[in-house]
């Protein structure tokens, strides 16, 4: 299976202890909560599409 990148830049699938997990990467958005929440929403949609 080929790896793809999530909206936050994490590789999927990420193999851990004989299984696949979604690694979440939100970066540093301390001063821009709108960008943070937008990225969180994108990551949630990505997880739902790939499970």
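Quick note: the coordinates plus some simple rules give every number you see, no bench work behind them. All values reported here derive from a predicted model rather than from experimental measurement. Note that each Cβ is placed from the backbone with ideal geometry, even for glycine, and that neighbours are counted across all protein chains shown.
General observations
- Helical contribution to [θ] at 222 nm, DSSP H n ≥ 4, -39,500 (n - 2.57), averaged over the chain, rounded to 500: -12000 deg cm²/dmol
- Using the Cβ-Cβ distance between residue 49 and residue 11 with R0 set to 22 Å, the FRET efficiency from 1/(1 + (r/R0)^6) comes to roughly 0.90.
- R0 of 25 Å, Cβ-Cβ distance residue 24-residue 2: FRET efficiency to nearest 0.05: 0.80
- Neighbour-count ranking [beta-carbon atoms within 10 angstrom, fewest first] of 38, 10, 28: 28, 38, 10
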